[in-house]
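The values are calculated or read from the model by the stated rules, or taken from the named source; none is laboratory data. Just so it is clear, the model here is predicted, and its values are computed rather than measured. Every residue, glycine as well, gets a Cβ built from its backbone with ideal geometry; the counts of neighbours run over all protein chains shown. Side chains are part of the model used for accessible areas, which takes the heavy atoms of the whole protein and leaves out ligands, DNA and RNA. Shrake-Rupley method; radii C 1.70, N 1.55, O 1.52, S 1.80 Å.
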Amino acid sequence: MSEAVFRELVTAAARPYRPCGRYAWHFAKGKLAGDPVFRHLLSQPLLPARGRLLDLGCGQGVLTALLRAAAERHASGDWPANWPAPPTDLATRGVELSARRVRIARTALGADAVSHGDIRKAELPPSDAIVILDVLLYLNPEEQAAVLARCTEALAPGGVLLLREADSGGGLPFQITRWAEQAACAARGQWRQTLTYRPSADWLFLLNGLGLTATALPMSQGTPFANTLFIARRSSDPVHFCPSSHEIAGASIRRTMKP
């Protein structure tokens with residue numbers, strides 16, 4: 001897909017946020033255009049064509065907006081031949097803790113687009129795909145493992161979990177990532193927010209230990225950060241053994257790792 005076509009998709013995806021104010025509109029455009037994970041989700045056949053997608057910690061729902069814009073463009077017949085067809089019958093649902101972001105998402109995308117809730121407690125319906133982008137760093141190790149265990153239970157056989165987190169073994173780019181996140185928390189008035197990072201190997205250990213088949217892919221192209229996308233699939237066959245989230249959390253955290 002050419003850069004021009006992708007910019008047009010971003011513009012279309014951001015358009016529903018105009019009634020929400022300039023900040024929400026500019027945020028949607030900037031996030032979709034500047035974060036490589038969104039282009040990657042369209043350029044690779046990672047998401048199912050149909051079923052249910054659950055976006056945990058979805059913010060103002062920009063992934064849903066992008067998928068809708070892509071489906072509309074594909075339906076019009078104006079879709080690049082060298083890109084896989086976008087999901088055309090995939091029901092998306094977000095869960096978001098911030099009431100302000102939920103209001104923005106509902107104004108832009110509809111009242112049923114996002115639920116207000118805490119992903120540690122919210123009901124996770126059976127899903128064909130679950131997406132968690134830059135969210136688990138706000139949870140402690142046990143909560144991280146518990147959320148991933150609940151996601152595994154919610155995934156349909158053959159379903160995919162897409163997790164993006166910073167790699168704490170990423171050297172200077174990781175330090176930049178952490179500094180940027182600390183600055184963002186301070187700007188929101190969350191001075192005491194604890195951030196929990198793991199090296200990529202630990203995230204893979206968690207996901208594979210839950211019976212998923214996981215791979216890691218760097219996902220910071222064009223940015224100074226140390227983000228990694230973990231692609232974890234549930235087997236179509238029943239999983240016979242799955243360690244508890246408490247066991248996995250304890251085993252995966254290294255003594256030397258710091259938030």
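Some observations on this one:
- Selection count, the stretch 83-99, where residues are closer than 17 Å to TYR138 by Cα and of a type in the set (Val, Ile, Thr): 1
- Cβ-Cβ distances below 8 Å connect the following pairs, each with a first residue in the stretch 69-92 that is touching a residue at least 40 places away in the same chain (Cβ under 8 Å) and more than 16 Å from ALA113 (Cα to Cα), a second residue that is assigned to a strand (DSSP E or B) and open to solvent by 40 Å² or more (accessible area, probe 1.4 Å), and a separation of six or more residues or different chains: PRO87/ARG50.
- Test: residue in the stretch 15-28 that is at pLDDT 95 or above and in a strand (DSSP E or B): no
- Considering residues of the stretch 13-30 that are surrounded by 18 or more Cβ atoms within 10 Å (Cβ to Cβ) and small (Gly, Ala, Ser) only, the residue nearest to VAL102 (Cα to Cα): ALA24
- Considering only residues in the stretch 230-250 that are open to solvent by less than 20 Å² (accessible area, probe 1.4 Å) and modelled with pLDDT of 95 or more, the one that is nearest to VAL160 (Cα to Cα) turns out to be ALA232.
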